[in-house]
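The values are calculated or read from the model by the stated rules, or taken from the named source; none is laboratory data. Computed from a predicted structure; not experimentally measured. Heads up, the Cβs are rebuilt from the backbone with ideal geometry, glycines too, and the neighbour counts pull from every protein chain shown.
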Amino acid sequence: MNETLYDVIVVGGGPAGLAAALEAAKEGAGKVLILERNNELGGILNQCIHNGFGLQFFKEELTGPEYASRFIDKLADAGVEVMLGAMVLDVSADKTVHAMSREHGYMQLRAKSVVLNMGCRERTRGAIAIPGDRPAGVFTAGAAQLYMNIEGYMVGKRVVILGSGDIGLIMARRMTLEGAKVLACVELMPYSNGLNRNIVQCLNDYDIPLYLSHTIVDIKGDKRVEQVVVAKVDEKRNPIPGTEITFDCDTVLLSVGLIPENELSRQAGVEIDRRTNGPVVYENMETSIPGVFASGNVVHVHDLVDFVTQESQRAGRAAALYAKNGEPQGPCIAVENGSAVTYTVPQKIRTENVDKFVEIFFRVNFVYTNMVIQISSGGEVLARFKREHMAPGEMEKVAFPKALFPKIRDGKITVSVVKEEDAE
Amino acid sequence: MTELICIVCPKGCHLKVDEENGFSVTGNSCPHGAEYGRKELTNPTRVITSTVCVEGGTLRRASVKTSSDIPKGKIFEAMRLLDNVTIPAPVAIGDVVVKDILGLGVDFIATKNVPKL
Amino acid sequence: MVDVVIVGGGVCGCSLLYELSRYKLSAVLVEKENDVSVGTTKANSAIVHAGYDPHPGTTMARYNVEGNALVKELCEKLDVPYKQIGSLVLAFDADQDALVRELFDRGTQNGVPGMKVLSAAEVREMEPNVSPEVTSALYAPSAGIVSPWELAIALAETAVKNGAQVELNSEVTSIQPIDGGFRVTAGGKEIDTRFVVNAAGIWSDKINDMAAPHTFTVSANKGEYFLLDKSQGTLVNHVIFQCPSKVGKGVLVSPTVHGNLIVGPNAEDAEKDDLGTTGDGLAFVRKMALRSVPDINFRDSIRNFAGLRANTEIDDFLVGETEQKGFFNIAGIKSPGLTSAPAIARDVVRMLGKAGLTLDPKETFVDERHVVRFKHLSHEERAAAIAKNPLYGQIVCRCETITEGEIVDALHRPLPPCSIDGVKRRCGSGMGRCQGGFCGPRVQQIIARELGIPQEAVMMDRAGTAVITGETKMGGRTE
């Protein structure tokens, strides 16, 4: 069995893993390995053939495969080793990685530090318990996207989409362009979880109606989907009898949320945050296990790949430094969520490890206008950031200056979002 | 006055375009927004992405995009040009797949590298 | 002319085919779907019942207790996932305490081994996550859990290996008496046979009426279920039943052999083709289950499904020869049908022998089966397996750690699957938390490649359950 010692092993070769590996190599890590379970690098970007990627990071608009190739093309020069078709079965706290592939057989690899970049998976019909028959023709939006964009197969002709997440919206347009009729996009919440630009260019452009505060209450069909029944929901999200609309369709696409894929992290013993379903991380994306880092959608689900890249560069840099110098020391503060905030990343900050400021990412629990983000500690507001518009579908970010750290009391800060008039 | 959501970047600014006043745009947070607002009401355009059949490659399809934005009204017509087109592997990002779509001076170009099988 | 035609490839039909394949005779199983085990056999609680429930003296009681031991034996021989985890019937008040004691007495009469009535404290010690309101429970250590479809498939595969025949996609449309037997028309083909055994489950009344006088009607009764992620699979260690009452047998909570948690069923009369779940049904199941185990996290649900019980007018199984000589029924098989199936099969073989079928044992009968389950191998075994066959190095289903090698194995065993769900039933691919979202297309490709058919022709499950409706970029626009 292969027993090579790597400086950094990166689990997953999607956008997060690519950025982490390249940055680790750039930071001086000598032996960096990406283990990717698919037969090509790039992860989900390969099937995201639409454009709109890279505006933040490259200042230009790229498609998913183009965005991925910008990183893939640099791997060889950076000296990053890649194993494709390589599935990681186990990561242990001592940073032994069990993996296997057709080509390399069963491997037991050792690393000084590990970066977890497994990404996320889609919530399924079973997860939201949609009642009805169980015919063919019910797909998660991402599975349909794979069929259409990578394999070149159509998955249906008359489509109802449940959920207005970005993948669902993108697929509404994609299927329309390929000749399918998308009858409706149905969203349980009174607002869309997708980006506004996608509502405009994927639904409005093609006159696809968006039914907010509606859900699918029944799927009918013996072999293939024949009908779905959609109903309006009340404030408690319960279907309102008498509001049913029936659509004749052969396909249902589900875009009802993404779940970080942390089975390996859990096995390794990494502490998981119940709010994000991802690892609890420090400012440098280190998890509760020293030398095990995580970034991208495995930590929290992002809306923009550009932020995945930036976060993963941070993780890759820190992993390389850990391989060189070991664990950063010093005092640590906790980041807690206050009103209207559903989670924060990072959850912990080692103050001496921060340069000028620390970026805190979070989401809000509803759609708001004219709000103030407050960072407070010991009853005192330390920093304020104004926002005209906030929504659960849009990840927020604030840069909290290190200069304010001395004002932190009891080792914790709270991020909250309040109306402008209620701001302190 | 028409209200629009800008689609240039994920920010999704809420634009107001004044048709009576030379399509002046407010609510934008960058110059791209002003340009989008004006264009959306005069000659709306989109970049189209799709796929094309590949022969002899590691994949059956390569993704493509229009090299520049094309008029919204031409989208379906442009899409049809990709039917029954098959390109041989290898495919490299930037390869021209269909030249000069509908006389618009815009090409469909590959957005994915597909090596030979 | 063949000796026996079995109608229906559920666990009863497959058990019988397996038992018959021990002998020098010709047996053909005809199944209307494209795989065996796809009716009630794949949609039930997957419990091997101990046998305290049926009333003493019924055939149900006898078959159940016998079957309980046989299922265990078969699963060991044929490499089918099975665990003898024991069961608890919970009581929540004095009336139910009395019922628990009554079940204990019934079980004793039926010959159920090792039962005990547990105090509330003893229950909590065994099952810390059951409701604190439990007052007592019946413990039956011989109860177990099994993969029902894998049992049926293993039995059918082994039977085929021993020379028996399975005809899929062969719906029986008529059974005519002929000289010395019957002419069975199935899937358009005629098969002449000396004996017919009807094991058509929910449709067994229809098959019976084709050849024998009408003596019973099957009415379908639907049970709906939740299957939860492995994160919930260790919440309980035993099959947790509630006391049977006027309104039904109660909702059970149990680990599955695959490591998940199964919760269900309710009981609602239904049409015979109605396998749909309902909002009300699922809400009922959820509410009832939380009474037994308050901490079930239904957010970790990965699948819902419904199964149909084949109820008849009689509160017992209908097993035996009909007034039409040579035509046998295995009908009205509801719970504990899965447990009873092997015992019923043995009994029916005996009956067939009595009716004139020669039962001359084969010297060459193969009575074992071995399946590679990669995820259960040690590190060393894994390394060796991949070295021998690199396809074991390619994970296809990441949630369940199923390799391409295992899928290819299944596609080349007797009675190969032809659909994504057929592979799922044999290998477990797509059974995990992503429900085949990632691996479905890949499994479809492998099936197409191994069977030499186009990918579009590979169905999700039954014939007509098309996943793909065509190719992109073929100019084939519909609008």
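Please determine whether any residue of the range A:157-172 is outside any strand (DSSP E or B), over 21 Å from A:Glu122 (Cα atoms) and either in contact with an Asp or Glu (Cβ under 8 Å, 6 or more places away or on another chain) or not hydroxyl-bearing (Ser, Thr, Tyr) (or both). Break it down stepwise before answering.
First, pick out the residues of the range A:157-172 that are outside any strand (DSSP E or B): A:157, A:163-172.
Narrowing the set further to residues that are over 21 Å from A:Glu122 (Cα atoms) leaves A:157.
Next, from what is left, pick out any that are either in contact with an Asp or Glu (Cβ under 8 Å, 6 or more places away or on another chain) or not hydroxyl-bearing (Ser, Thr, Tyr) (or both): A:157.
Yes: the range A:157-172 contains one or more residues that are outside any strand (DSSP E or B), over 21 Å from A:Glu122 (Cα atoms) and either in contact with an Asp or Glu (Cβ under 8 Å, 6 or more places away or on another chain) or not hydroxyl-bearing (Ser, Thr, Tyr) (or both).
Which one is nearest to the chain's Cα centre (by Cα) among residues in the range A:377-409 that are acidic (Asp, Glu) and either at pLDDT 95 or above or within 15 Å of A:Gly338 (Cα to Cα) (or both)? That would be A:Glu396.
Would you call A:Lys324 more than 25 Å from A:Val114 (Cα to Cα) and of a type in the set (Lys, Arg)? Give the steps one after another, and end with the answer.
On the way: more than 25 Å from A:Val114 (Cα to Cα): no; of a type in the set (Lys, Arg): yes.
No: the conditions fail for A:Lys324.
Those strands (runs of 3 or more DSSP E) of the range A:205-315 in which 1 or more residues are more than 14 Å from every other protein chain (Cβ to nearest Cβ) and farther than 26 Å from A:Cys48 by Cα occupy A:214-220, A:227-232, A:245-248, A:292-294.
Checking the condition among the acidic types (Asp, Glu) and closer than 20 Å to C:Arg426 by Cβ, which residue from C:Glu122, C:Glu33 passes?
Working: C:Glu122 fails: closer than 20 Å to C:Arg426 by Cβ.
When all the criteria are applied, what remains is C:Glu33.
Scanning the range A:303-331 for residues that are within 30 Å of B:Gly12 (Cα to Cα) and either polar (S, T, N, Q) or modelled with pLDDT of 95 or more (or both) yields A:Val305, A:Asp306, A:Phe307, A:Val308, A:Thr309, A:Gln310, A:Glu311, A:Ser312, A:Gln313, A:Arg314, A:Ala315.
When the residues of the range C:318-355 are filtered to those that are under 14 Å from C:Tyr23 (Cα atoms) and without any contact (Cβ under 8 Å) to a residue 24 or more places away in the chain, the one that is nearest to the chain's Cα centre (by Cα) is C:Arg350. Only strands (runs of 3 or more DSSP E) whose full extent lies in the range B:1-116 are considered here, and the ones with at least 1 residues that are touching a Phe, Trp or Tyr at 6+ places or on another chain (Cβ under 7 Å), touching a residue at least 12 places away in the same chain (Cβ under 8 Å) and at the interface with chain A (Cβ under 9 Å from one of its Cβ atoms) are B:61-66. The number of residues in the range C:208-229 being in a strand (DSSP E or B) and within 14 Å of C:Ile175 (Cα to Cα) comes to 0. If the condition is being more than 10 Å from chain B (Cβ to nearest Cβ) and not in a loop (DSSP other than H, G, I, E, B), then the range A:55-69 contributes no residue at all.
In the set C:Asn260, C:Asn304, which member is among the polar types (S, T, N, Q), touching a Phe, Trp or Tyr at 6+ places or on another chain (Cβ under 8 Å) and modelled with pLDDT of 95 or more? It is C:Asn304. Would you pick out the residues in the range A:151-182 that are under 16 Å from A:Lys232 (Cα atoms) and surrounded by fewer than 24 Cβ atoms within 10 Å (Cβ to Cβ)? Selection gives nothing.
Screening C:Phe298, C:Phe328 for residues that are crowded, with 22+ Cβ neighbours inside 10 Å and not charged (D, E, K, R) leaves exactly one candidate, C:Phe328. The residues in the range C:372-400 that are crowded, with 20+ Cβ neighbours inside 10 Å and either among the hydroxyl-bearing types (Ser, Thr, Tyr) or closer than 24 Å to A:Arg121 by Cα (or both) can be counted, and the count is 10.
Quickly run through the range C:170-222 and pick out the residues that are over 22 Å from C:Gly39 (Cα atoms), among the acidic types (Asp, Glu) and either surrounded by 15 or more Cβ atoms within 10 Å (Cβ to Cβ) or in contact with a His (Cβ under 6 Å, 6 or more places away or on another chain) (or both).
C:Asp192
If you go through the range A:97-122 and pick out every residue that is more than 11 Å from chain C (Cβ to nearest Cβ) and surrounded by fewer than 19 Cβ atoms within 10 Å (Cβ to Cβ), you end up with 1. Considering only residues in the range C:10-49 that are of a type outside the set (A, V, I, L, M, F, W, C) and within 10 Å of the chain's Cα centre (by Cα), the one that is nearest to C:Leu415 (Cα to Cα) turns out to be C:Ser37.
Entry remark, the range A:139-153: residues being at the interface with another protein chain (Cβ under 7 Å from one of its Cβ atoms) and not hydroxyl-bearing (Ser, Thr, Tyr) number 8 in total.
Pick out the one residue from A:Tyr206, A:Tyr211, A:Tyr191 that is in contact (Cβ under 8 Å) with a residue 12 or more places away in the chain and within 24 Å of the chain's Cα centre (by Cα).
A:Tyr191
Of all the numbered requirements in (1) in contact (Cβ under 8 Å) with a residue 24 or more places away in the chain; (2) over 24 Å from the mean Cα position of the chain (by Cα), C:Pro81 misses one, and that requirement is (2).
Considered as a group, the residues in the range A:83-135 that are in a loop (DSSP other than H, G, I, E, B) and among the polar types (S, T, N, Q) include one that is farthest from A:Ser265 (Cα to Cα), and that residue is A:Thr124. Exactly one residue among C:Arg462, C:Arg442, C:Arg426 is more than 21 Å from the chain's Cα centre (by Cα) and either assigned to a loop (DSSP other than H, G, I, E, B) or more than 7 Å from chain A (Cβ to nearest Cβ) (or both), and that residue is C:Arg442.
Checking the condition closer than 30 Å to A:Glu359 by Cβ, of a type outside the set (Ser, Thr, Tyr) and not assigned by TED's automatic domain parsing to the domain that holds A:Asn365, which residue from A:Glu286, A:Glu244, A:Glu226, A:Glu235 passes? Steps first, answer last, please.
Values: A:Glu244 fails: closer than 30 Å to A:Glu359 by Cβ; A:Glu226 fails: closer than 30 Å to A:Glu359 by Cβ; A:Glu235 fails: closer than 30 Å to A:Glu359 by Cβ.
The match here is A:Glu286.
On the stretch given as the range A:154-176, residues that are within 11 Å of chain C (Cβ to nearest Cβ), of a type outside the set (A, V, I, L, M) and touching a strand residue (DSSP E or B) at 6+ places or on another chain (Cβ under 6 Å) total 3.
Of the residues making up the range B:1-48, those that are within 27 Å of A:Met395 (Cα to Cα) and not charged (D, E, K, R) number 25. For residues in the range C:255-284 being in a strand (DSSP E or B) and not aliphatic (A, V, I, L, M), which is nearest to the other protein chains (Cβ to nearest Cβ)? Among those that are in a strand (DSSP E or B) and not aliphatic (A, V, I, L, M), it is C:Thr277. If you go through the range A:177-193 one residue at a time, do you hit one that is within 14 Å of chain B (Cβ to nearest Cβ), assigned to a helix (DSSP H, G or I) and within 27 Å of B:Ala62 (Cβ to Cβ)? Yes, some residue in the range A:177-193 is within 14 Å of chain B (Cβ to nearest Cβ), assigned to a helix (DSSP H, G or I) and within 27 Å of B:Ala62 (Cβ to Cβ). When A:Ile72 is evaluated against the numbered criteria (1) closer than 28 Å to C:Thr403 by Cβ; (2) crowded, with 24+ Cβ neighbours inside 10 Å; (3) within 10 Å of chain B (Cβ to nearest Cβ), which criterion, by number, is the only one it fails? The one condition A:Ile72 does not meet is (2).
Residue under question is C:Asp229, and the condition is that it be in contact with a strand residue (DSSP E or B) (Cβ under 9 Å, 6 or more places away or on another chain) and within 14 Å of chain A (Cβ to nearest Cβ); does it hold? Against the criterion (in contact with a strand residue (DSSP E or B) (Cβ under 9 Å, 6 or more places away or on another chain) and within 14 Å of chain A (Cβ to nearest Cβ)), C:Asp229 qualifies.
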